[in-house]
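Enquirer: Could you have a look at this structure, given as C-alpha cells, before my questions?
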Amino acid sequence: MNFDEFTGTVQHRLELPGTGESLRAIRATLMTLGQRLPEGNAEDLAASLPVEIKWYLTGAVHEHGQRFDWQEFVSRVSDIEQADPADAAYHARVIVDIVQTLVPGSDFQQLRDSLPQSEDEENWRKLFEIVDAGGWSEAAEAQTGGGPQPDATSRDELDDVDRGSDTAE
C-alpha cells in the first residue's frame, strides 16, 4: 500500500471530509504510539508502512519509550488531532487496524506485547478492539455502513468509556 492508498483508506473508513483531516488523524495516532513504544519496536512496526507514514512513528518522535496509559494516549491523540476524545479513540482503533493489515504478524505482536492489556487503568486492549473483532471488512461495511464497532454503540457511550464517566465536559 502506498501513501495515497493509506490516506485514502483512512479517509474512507473514518468518513473524513479530506486528506488533511486524514493525515492529522494518522499523525496524531502514530506519533503518540511512537512516543509510547521503545525506539526499536517503533522502527520494526514502521518498516512495512509507506515512507511518508512511517516517519510519524520514528522521525517525528523525539522521545520513545515514554510511560503513559490508554487515557493519556487518547488525550494526546485528541489534542494533536484537534478532535473529541471519543472520536480520537475511534480513529486510533481504525488506524491501528489498517496498520495491522500491512505489517508482519510478529511486528504487530511486538506492539501488543509492549502495551499492557490488563484490566487495570492502562487497559491498552481498547486500542485493539477492531483488530480483535476480526478487523474491518468490506462485507461488514456494505451491510452495516461501517466496520466492526466497539461494544459502546453511541458517541456518548464511547466518550464515557474513553474518558471515564466522571470526567467533566
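The values are calculated or read from the model by the stated rules, or taken from the named source; none is laboratory data. The model shown is predicted, which means the values in this text are computed figures rather than measured ones. Note that we place each Cβ from the backbone using ideal geometry, even for glycine, and neighbour counts take in every protein chain shown. The accessibility values were calculated without ligands, DNA or RNA, using every heavy atom of the protein model including side chains. Shrake-Rupley method; radii C 1.70, N 1.55, O 1.52, S 1.80 Å.
Enquirer: Carbon and sulfur together cover what percent of the accessible area of the range 59-130 at a 1.4 Å probe radius?
Expert: Working: 1230 of 3010 Å².
Carbon and sulfur together cover 41 percent of it.
Enquirer: For the range 3-138, what is the accessible area per residue in Å², given a 1.4 Å probe and the full set of protein chains? All intermediate terms of the calculation are to be shown ahead of the outcome.
Expert: On the way: 5740 Å² over 136 residues.
With the other protein chains kept in place, the range 3-138 gives 42 Å² per residue.
Enquirer: Net charge within 11 Å of GLN100 by Cβ-Cβ distance, Lys/Arg positive one each and Asp/Glu negative one each, not counting GLN100 itself? Can you show the working numbers first?
Expert: Details: positive: ARG93, ARG112; negative: ASP97, ASP107, ASP132.
Local net charge: -1.
Enquirer: Could you list the GluC sites (Glu not before Pro) in the range 1-85 that lie in coil according to DSSP, counting only those with at most 12 other Cβ atoms within 10 Å of their Cβ?
Expert: Values: sites: GLU5, GLU15, GLU21, GLU39, GLU43, GLU52, GLU63, GLU72, GLU81; in loops: GLU15, GLU63.
When the GluC sites (Glu not before Pro) of the range 1-85 are filtered for loop state and at most 12 Cβ neighbours within 10 Å, GLU15, GLU63 remain.
Enquirer: Another question, if that's okay. Per-residue accessible area for ARG112 at 1.4 Å probe radius, Å² rounded to 10?
Expert: Number for this one is 40 Å².
Enquirer: A follow-up question, please. Relative contact order for the range 3-138: what is it in percent, counting Cα pairs under 8 Å that are at least 6 residues apart? Walk me through the numbers before you get to the answer.
Expert: Values: 172 pairs, mean separation 34.3, N = 136.
Computed over the range 3-138, the figure is 25 percent.
Enquirer: What is the spin-label model distance, in nm, from ALA60 to HIS12 if the labels are put 7 Å beyond Cα along the C-beta direction?
Expert: Going by the 7 Å Cα→Cβ label model, 2.2 nm.
Enquirer: Could you look at the range 2-58 and say what percent of its accessible area is carbon and sulfur, using a 1.4 Å probe and all protein chains? Walk me through the numbers on the way to the answer.
Expert: Values: 1100 of 2360 Å².
Solvent-exposed carbon and sulfur of the range 2-58 make up 46 percent of the total.
Enquirer: For labels at ASP113 and ASP84 in the simple 7 Å Cα→Cβ model, what's the distance in nm?
Expert: Inter-label distance under the simple model: 3.8 nm.
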